[in-house]
Amino acid sequence: HLNNDKQKIRAAYTWVATNIKYDASHLHRVILDEDKAEKVTWALERKQGVCENFSAIFTDICLKAGLRSYTIEGYTNSDGSIARSGHAWSAVFINDSWYLFDPTWDAGFLKNGTFVSHADTKYFLISPQQFILSHMPFDPLFQFLNYPITFNEFSRGYARSKDQKTYFNYEDSIISYENMQPLARYIAAAQRIEKNGALSEIISTRLKQLRMEKEIIYQDNDVNLYNDAIEDYKGALQNFRNFLTYRNNQFQPQQPIGKTESMLQVILRQIDSAYSKLAVVNQSRATLTLNTGEVEKVLTDLAEKVKDQQVFLKNYTTTAREN
(Lines give C-alpha, C1' and ligand atoms only; values in the text may rest on other atoms or scores of the structure.)
Protein backbone atom coordinates (compact mmCIF):
# COMPACT_ATOMS: atom_id res chain seq x y z
CA HIS A 1 0.00 0.00 0.00
CA LEU A 2 3.05 2.27 0.12
CA ASN A 3 3.64 4.69 -2.73
CA ASN A 4 7.40 4.55 -3.30
CA ASP A 5 10.59 2.70 -2.43
CA LYS A 6 11.64 5.19 0.22
CA GLN A 7 8.38 4.67 2.10
CA LYS A 8 8.83 0.89 1.87
CA ILE A 9 12.36 1.15 3.25
CA ARG A 10 11.30 3.45 6.08
CA ALA A 11 8.47 1.08 7.06
CA ALA A 12 10.84 -1.91 7.09
CA TYR A 13 13.51 -0.02 9.02
CA THR A 14 11.07 1.30 11.61
CA TRP A 15 9.57 -2.15 12.10
CA VAL A 16 12.96 -3.79 12.68
CA ALA A 17 14.25 -1.05 14.99
CA THR A 18 11.00 -1.10 16.99
CA ASN A 19 10.19 -4.82 17.15
CA ILE A 20 13.60 -6.47 17.48
CA LYS A 21 15.34 -5.90 20.78
CA TYR A 22 19.09 -5.97 21.18
CA ASP A 23 20.10 -9.10 23.07
CA ALA A 24 22.86 -8.00 25.41
CA SER A 25 23.32 -11.58 26.62
CA HIS A 26 24.49 -12.48 23.08
CA LEU A 27 26.64 -9.40 22.67
CA HIS A 28 29.50 -11.48 21.27
CA ARG A 29 27.36 -13.85 19.20
CA VAL A 30 28.26 -12.19 15.88
CA ILE A 31 28.92 -15.06 13.45
CA LEU A 32 29.82 -13.56 10.11
CA ASP A 33 28.77 -15.62 7.07
CA GLU A 34 26.31 -17.70 9.08
CA ASP A 35 23.39 -18.89 6.96
CA LYS A 36 21.30 -15.81 6.15
CA ALA A 37 17.97 -17.55 6.67
CA GLU A 38 19.14 -18.73 10.08
CA LYS A 39 20.06 -15.18 11.07
CA VAL A 40 16.52 -14.07 10.23
CA THR A 41 14.57 -16.94 11.81
CA TRP A 42 16.74 -17.04 14.96
CA ALA A 43 15.91 -13.40 15.73
CA LEU A 44 12.25 -13.45 14.63
CA GLU A 45 11.49 -16.42 16.86
CA ARG A 46 13.00 -14.65 19.86
CA LYS A 47 12.22 -11.03 18.86
CA GLN A 48 15.82 -10.41 19.88
CA GLY A 49 19.17 -10.39 18.19
CA VAL A 50 22.48 -8.68 17.61
CA CYS A 51 23.71 -6.59 14.71
CA GLU A 52 23.87 -9.48 12.22
CA ASN A 53 20.21 -10.27 12.92
CA PHE A 54 18.98 -6.67 12.66
CA SER A 55 20.71 -6.18 9.32
CA ALA A 56 19.72 -9.63 8.01
CA ILE A 57 16.02 -9.00 8.69
CA PHE A 58 16.05 -5.49 7.24
CA THR A 59 17.96 -6.63 4.15
CA ASP A 60 15.64 -9.59 3.66
CA ILE A 61 12.53 -7.40 3.79
CA CYS A 62 14.08 -5.03 1.24
CA LEU A 63 14.94 -7.92 -1.06
CA LYS A 64 11.41 -9.28 -0.80
CA ALA A 65 10.14 -5.79 -1.70
CA GLY A 66 12.15 -6.00 -4.91
CA LEU A 67 15.03 -3.74 -3.89
CA ARG A 68 18.73 -4.45 -4.41
CA SER A 69 20.10 -4.82 -0.91
CA TYR A 70 23.08 -6.26 0.95
CA THR A 71 24.08 -7.03 4.48
CA ILE A 72 27.58 -5.66 4.93
CA GLU A 73 30.14 -6.87 7.44
CA GLY A 74 32.90 -4.74 8.91
CA TYR A 75 33.76 -2.79 12.03
CA THR A 76 33.08 0.66 13.41
CA ASN A 77 34.64 3.82 14.78
CA SER A 78 32.54 5.36 17.53
CA ASP A 79 33.74 8.61 19.11
CA GLY A 80 37.29 7.91 17.95
CA SER A 81 37.33 4.39 19.33
CA ILE A 82 37.77 1.47 16.90
CA ALA A 83 35.57 -1.50 17.77
CA ARG A 84 37.33 -4.74 18.65
CA SER A 85 34.61 -6.95 17.22
CA GLY A 86 32.75 -7.17 13.94
CA HIS A 87 29.56 -5.36 13.08
CA ALA A 88 26.90 -5.70 10.39
CA TRP A 89 24.70 -3.15 8.62
CA SER A 90 22.77 -2.82 5.37
CA ALA A 91 22.91 -1.14 1.98
CA VAL A 92 19.95 -0.51 -0.33
CA PHE A 93 19.91 0.81 -3.89
CA ILE A 94 17.26 3.52 -4.23
CA ASN A 95 16.78 6.39 -6.67
CA ASP A 96 19.83 5.22 -8.67
CA SER A 97 22.15 5.46 -5.67
CA TRP A 98 23.36 3.31 -2.80
CA TYR A 99 22.48 4.31 0.76
CA LEU A 100 23.55 2.81 4.09
CA PHE A 101 21.49 1.81 7.12
CA ASP A 102 22.31 0.61 10.63
CA PRO A 103 19.10 -0.61 12.29
CA THR A 104 21.07 -1.93 15.26
CA TRP A 105 22.41 1.46 16.27
CA ASP A 106 18.97 3.00 15.72
CA ALA A 107 17.12 0.42 17.82
CA GLY A 108 18.37 1.79 21.14
CA PHE A 109 21.44 1.68 23.36
CA LEU A 110 23.09 -0.28 26.13
CA LYS A 111 23.10 1.19 29.64
CA ASN A 112 24.95 -0.69 32.36
CA GLY A 113 24.74 -3.85 30.28
CA THR A 114 20.99 -3.54 29.71
CA PHE A 115 19.41 -2.66 26.38
CA VAL A 116 17.20 0.42 26.36
CA SER A 117 14.78 0.63 23.42
CA HIS A 118 14.87 3.98 21.69
CA ALA A 119 13.99 3.74 18.00
CA ASP A 120 15.62 6.44 15.91
CA THR A 121 16.59 7.21 12.31
CA LYS A 122 20.03 8.69 12.84
CA TYR A 123 21.59 5.95 10.69
CA PHE A 124 18.77 5.72 8.16
CA LEU A 125 19.33 6.47 4.45
CA ILE A 126 22.88 7.76 4.92
CA SER A 127 25.16 8.56 1.98
CA PRO A 128 28.35 6.48 1.62
CA GLN A 129 30.46 9.64 2.06
CA GLN A 130 28.91 10.22 5.49
CA PHE A 131 28.60 6.61 6.58
CA ILE A 132 32.30 5.86 6.07
CA LEU A 133 33.08 8.20 8.97
CA SER A 134 31.83 5.56 11.39
CA HIS A 135 31.47 2.27 9.47
CA MET A 136 34.30 0.46 7.66
CA PRO A 137 33.37 -2.59 5.55
CA PHE A 138 35.91 -5.39 5.44
CA ASP A 139 35.54 -5.40 1.67
CA PRO A 140 36.27 -1.89 0.29
CA LEU A 141 33.84 -2.60 -2.55
CA PHE A 142 31.01 -1.91 -0.11
CA GLN A 143 32.22 1.55 0.80
CA PHE A 144 30.36 2.55 -2.40
CA LEU A 145 32.99 5.20 -3.00
CA ASN A 146 34.93 6.07 -6.13
CA TYR A 147 37.90 6.84 -3.89
CA PRO A 148 37.73 4.22 -1.11
CA ILE A 149 39.80 4.80 1.99
CA THR A 150 42.24 2.35 3.52
CA PHE A 151 41.93 0.64 6.90
CA ASN A 152 44.72 2.86 8.23
CA GLU A 153 42.94 6.02 7.10
CA PHE A 154 39.72 4.91 8.75
CA SER A 155 41.49 4.22 12.04
CA ARG A 156 42.89 7.76 11.95
CA GLY A 157 39.52 9.30 11.09
CA TYR A 158 40.81 10.27 7.64
CA ALA A 159 37.93 9.71 5.26
CA ARG A 160 37.55 12.47 2.71
CA SER A 161 40.69 13.14 0.67
CA LYS A 162 41.05 12.04 -2.97
CA ASP A 163 44.74 12.99 -3.07
CA GLN A 164 46.95 10.40 -4.78
CA LYS A 165 44.08 7.93 -4.99
CA THR A 166 43.14 5.84 -8.00
CA TYR A 167 39.56 6.15 -9.22
CA PHE A 168 37.52 3.02 -8.46
CA ASN A 169 34.40 2.32 -10.50
CA TYR A 170 32.42 0.63 -7.75
CA GLU A 171 29.17 0.65 -9.76
CA ASP A 172 30.58 -1.64 -12.46
CA SER A 173 32.44 -3.67 -9.85
CA ILE A 174 29.21 -4.37 -7.94
CA ILE A 175 27.46 -5.48 -11.13
CA SER A 176 30.40 -7.79 -11.81
CA TYR A 177 30.22 -9.04 -8.21
CA GLU A 178 26.52 -9.82 -8.56
CA ASN A 179 27.24 -11.99 -11.61
CA MET A 180 29.97 -14.01 -9.89
CA GLN A 181 29.69 -17.48 -8.43
CA PRO A 182 30.35 -17.69 -4.64
CA LEU A 183 33.93 -18.95 -5.05
CA ALA A 184 34.86 -16.06 -7.34
CA ARG A 185 33.26 -13.63 -4.89
CA TYR A 186 35.35 -14.93 -1.99
CA ILE A 187 38.57 -14.79 -4.00
CA ALA A 188 37.92 -11.26 -5.24
CA ALA A 189 36.91 -10.04 -1.76
CA ALA A 190 40.06 -11.48 -0.19
CA GLN A 191 42.21 -9.74 -2.81
CA ARG A 192 40.53 -6.38 -2.20
CA ILE A 193 40.83 -6.71 1.58
CA GLU A 194 44.52 -7.61 1.41
CA LYS A 195 45.16 -4.71 -0.97
CA ASN A 196 43.41 -2.22 1.29
CA GLY A 197 46.11 -2.04 3.91
CA ALA A 198 46.83 -2.88 7.51
CA LEU A 199 45.80 -6.32 8.68
CA SER A 200 44.60 -5.81 12.23
CA GLU A 201 43.39 -8.80 14.23
CA ILE A 202 39.76 -8.28 13.23
CA ILE A 203 40.64 -7.91 9.53
CA SER A 204 42.92 -10.95 9.65
CA THR A 205 40.05 -12.90 11.20
CA ARG A 206 37.82 -11.87 8.32
CA LEU A 207 40.43 -13.03 5.80
CA LYS A 208 40.66 -16.37 7.59
CA GLN A 209 36.89 -16.72 7.28
CA LEU A 210 37.04 -16.01 3.56
CA ARG A 211 39.82 -18.57 3.13
CA MET A 212 37.73 -21.09 5.06
CA GLU A 213 34.74 -20.42 2.79
CA LYS A 214 36.99 -20.93 -0.26
CA GLU A 215 38.35 -24.15 1.23
CA ILE A 216 34.81 -25.45 1.80
CA ILE A 217 33.86 -24.73 -1.80
CA TYR A 218 37.06 -26.33 -3.13
CA GLN A 219 36.41 -29.43 -1.03
CA ASP A 220 32.74 -29.58 -2.02
CA ASN A 221 33.72 -29.36 -5.70
CA ASP A 222 36.30 -32.10 -5.21
CA VAL A 223 33.79 -34.37 -3.47
CA ASN A 224 31.22 -33.83 -6.21
CA LEU A 225 33.73 -34.62 -8.95
CA TYR A 226 35.03 -37.63 -7.04
CA ASN A 227 31.50 -38.98 -6.55
CA ASP A 228 30.69 -38.38 -10.23
CA ALA A 229 33.83 -40.33 -11.17
CA ILE A 230 32.67 -43.19 -8.94
CA GLU A 231 29.30 -43.16 -10.70
CA ASP A 232 31.07 -43.27 -14.06
CA TYR A 233 33.06 -46.28 -12.84
CA LYS A 234 29.93 -48.05 -11.56
CA GLY A 235 28.21 -47.46 -14.88
CA ALA A 236 31.22 -48.73 -16.80
CA LEU A 237 31.48 -51.80 -14.58
CA GLN A 238 27.80 -52.63 -15.04
CA ASN A 239 28.09 -52.20 -18.81
CA PHE A 240 31.15 -54.46 -18.82
CA ARG A 241 29.18 -57.13 -16.95
CA ASN A 242 26.40 -56.78 -19.50
CA PHE A 243 28.92 -57.34 -22.29
CA LEU A 244 30.32 -60.44 -20.60
CA THR A 245 26.79 -61.81 -20.19
CA TYR A 246 26.16 -61.19 -23.89
CA ARG A 247 29.45 -62.89 -24.79
CA ASN A 248 28.70 -65.89 -22.56
CA ASN A 249 25.38 -66.25 -24.40
CA GLN A 250 27.38 -66.68 -27.62
CA PHE A 251 26.46 -63.16 -28.71
CA GLN A 252 22.77 -64.04 -28.84
CA PRO A 253 20.39 -62.53 -29.73
CA GLN A 254 22.50 -61.57 -32.73
CA GLN A 255 23.06 -57.90 -33.53
CA PRO A 256 25.26 -55.95 -35.99
CA ILE A 257 28.94 -56.26 -35.10
CA GLY A 258 29.23 -52.46 -34.93
CA LYS A 259 26.66 -52.39 -32.14
CA THR A 260 28.56 -55.03 -30.19
CA GLU A 261 31.79 -53.07 -30.61
CA SER A 262 30.06 -49.94 -29.40
CA MET A 263 29.21 -51.70 -26.12
CA LEU A 264 32.93 -51.71 -25.31
CA GLN A 265 33.51 -48.21 -26.67
CA VAL A 266 30.82 -46.83 -24.35
CA ILE A 267 32.63 -48.41 -21.39
CA LEU A 268 35.93 -46.81 -22.38
CA ARG A 269 34.25 -43.42 -22.69
CA GLN A 270 32.84 -43.79 -19.19
CA ILE A 271 36.30 -44.69 -17.91
CA ASP A 272 37.81 -41.66 -19.69
CA SER A 273 35.13 -39.45 -18.14
CA ALA A 274 36.02 -40.73 -14.69
CA TYR A 275 39.73 -40.19 -15.32
CA SER A 276 39.06 -36.60 -16.43
CA LYS A 277 37.15 -35.80 -13.26
CA LEU A 278 39.81 -37.35 -11.06
CA ALA A 279 42.47 -35.33 -12.89
CA VAL A 280 40.66 -32.13 -11.85
CA VAL A 281 40.47 -33.40 -8.27
CA ASN A 282 44.22 -34.06 -8.33
CA GLN A 283 44.80 -30.43 -9.34
CA SER A 284 42.61 -29.14 -6.51
CA ARG A 285 43.45 -25.89 -4.74
CA ALA A 286 42.02 -27.27 -1.51
CA THR A 287 44.34 -27.67 1.46
CA LEU A 288 42.83 -31.05 2.29
CA THR A 289 42.66 -33.17 -0.83
CA LEU A 290 41.13 -36.51 -1.71
CA ASN A 291 43.20 -39.61 -2.46
CA THR A 292 42.17 -40.82 -5.92
CA GLY A 293 44.72 -43.64 -6.14
CA GLU A 294 42.37 -46.56 -5.42
CA VAL A 295 39.75 -45.37 -7.88
CA GLU A 296 42.36 -44.79 -10.59
CA LYS A 297 43.65 -48.34 -10.00
CA VAL A 298 40.27 -50.00 -10.51
CA LEU A 299 39.66 -47.82 -13.56
CA THR A 300 42.98 -48.93 -15.04
CA ASP A 301 42.18 -52.59 -14.32
CA LEU A 302 38.77 -52.26 -15.94
CA ALA A 303 40.19 -50.46 -18.97
CA GLU A 304 42.71 -53.30 -19.50
CA LYS A 305 39.93 -55.88 -19.31
CA VAL A 306 37.87 -53.93 -21.84
CA LYS A 307 40.83 -53.77 -24.22
CA ASP A 308 41.32 -57.51 -23.84
CA GLN A 309 37.69 -57.99 -24.83
CA GLN A 310 38.19 -55.69 -27.82
CA VAL A 311 41.05 -57.93 -28.99
CA PHE A 312 38.90 -61.01 -28.44
CA LEU A 313 35.97 -59.49 -30.29
CA LYS A 314 38.15 -58.52 -33.24
CA ASN A 315 39.56 -62.06 -33.50
CA TYR A 316 36.12 -63.57 -33.04
CA THR A 317 34.54 -61.51 -35.80
CA THR A 318 37.49 -62.16 -38.16
CA THR A 319 37.13 -65.90 -37.62
CA ALA A 320 33.37 -65.69 -38.08
CA ARG A 321 33.79 -63.92 -41.43
CA GLU A 322 36.34 -66.51 -42.63
CA ASN A 323 33.94 -69.30 -41.79
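Computed over the alpha-carbon pairs of the chain, the distance histogram in 20 Å steps reads 25, 37, 20, 15, 3, 0 percent, short to long.
Here the simple spin-label model places points 7 Å from the Cα toward Cβ, and for THR319 and TYR167 these points are separated by 8.1 nm. The trypsin sites (Lys or Arg not before Pro) of region 216-323 meeting both criteria, a DSSP state outside H, G, I, E and B (loop) and at most 14 other C-beta atoms within 10 angstrom of the site's C-beta, are ARG285.
Rounded to whole numbers, the Karplus 3J(HN,Hα) couplings from phi for region 267-277 are 5, 5, 5, 5, 5, 4, 4, 5, 4, 4, 5 Hz, using 6.51 cos²θ - 1.76 cosθ + 1.60 with θ = phi - 60°, and x at Gly and Pro. Under 28 Å from the Cα of LYS111, which lysines turn up, not counting those fewer than eight places away in the same chain? Those lysines meeting the cut-off are LYS21, LYS39, LYS47, LYS122. Nonpolar atom fraction for region 209-302, defined as the carbon and sulfur part of the 1.4 Å probe accessible area, stands at 50 percent. For region 200-241, the residues whose backbone nitrogen is under 14 Å from a point 7 Å from the Cα of ASP308, taken along Cα to Cβ, are 241. Spin-label pair LYS36-GLN254: with each label point 7 Å from Cα along the Cα-Cβ axis, the two points sit 6.5 nm from one another.
Note the full-extension length gain between ASN179 and LYS47 as 0.36 nm times their separation in residues minus their Cα-Cα distance, in nm to one decimal. Could you put the intermediate results ahead of the total?
Numbers: separation 132, 0.36 × 132 = 47.52 nm, distance 3.40 nm.
Once the chain is fully extended between ASN179 and LYS47, it gains 44.1 nm.
A simple packing score, the average count of other Cβ atoms within 10 Å per residue, orders the peptides 126-137, 193-204 as 126-137, 193-204, with the highest score first.
Averaged over its residues, the chain has an accessible area of 56 Å² per residue, based on protein heavy atoms and a 1.4 Å probe. For region 180-240 versus region 260-275, the inter-centroid distance based on Cα atoms is 31 Å.
Starting from the Cα gyration tensor of region 21-154, take the square roots of the eigenvalues, sort them a ≥ b ≥ c, and report rounded, prolate or oblate (rounded when a/c is under 1.5, otherwise prolate if a/b is larger than b/c, else oblate). Oblate. Remark: spin-label model distance GLN265-PHE109 equals 8.0 nm, labels positioned 7 Å along the Cα→Cβ axis. Between SER117 and ASN3, the FRET efficiency from the beta-carbon distance, with R0 = 25 Å, is close to 0.30. For GLU194 and MET212, the difference between the fully extended length at 0.36 nm per residue and the C-alpha to C-alpha distance is 4.9 nm. For region 136-215, a Kirkwood radius taken over Cα pairs fed into Stokes-Einstein (10 °C, viscosity 1.306 mPa s) yields D = 120 µm²/s.
Given R0 = 45 Å, the distance between the Cβ atoms of SER127 and GLN219 translates into a calculated FRET efficiency of 0.65.
The values are calculated or read from the model by the stated rules, or taken from the named source; none is laboratory data. Because the structure is predicted, anything quoted here is derived from the model rather than measured. Note that we place each Cβ from the backbone using ideal geometry, even for glycine, and neighbour counts take in every protein chain shown. These area figures cover heavy atoms from the full protein model, side chains too; ligands, DNA and RNA do not enter into them. Shrake-Rupley method; radii C 1.70, N 1.55, O 1.52, S 1.80 Å.
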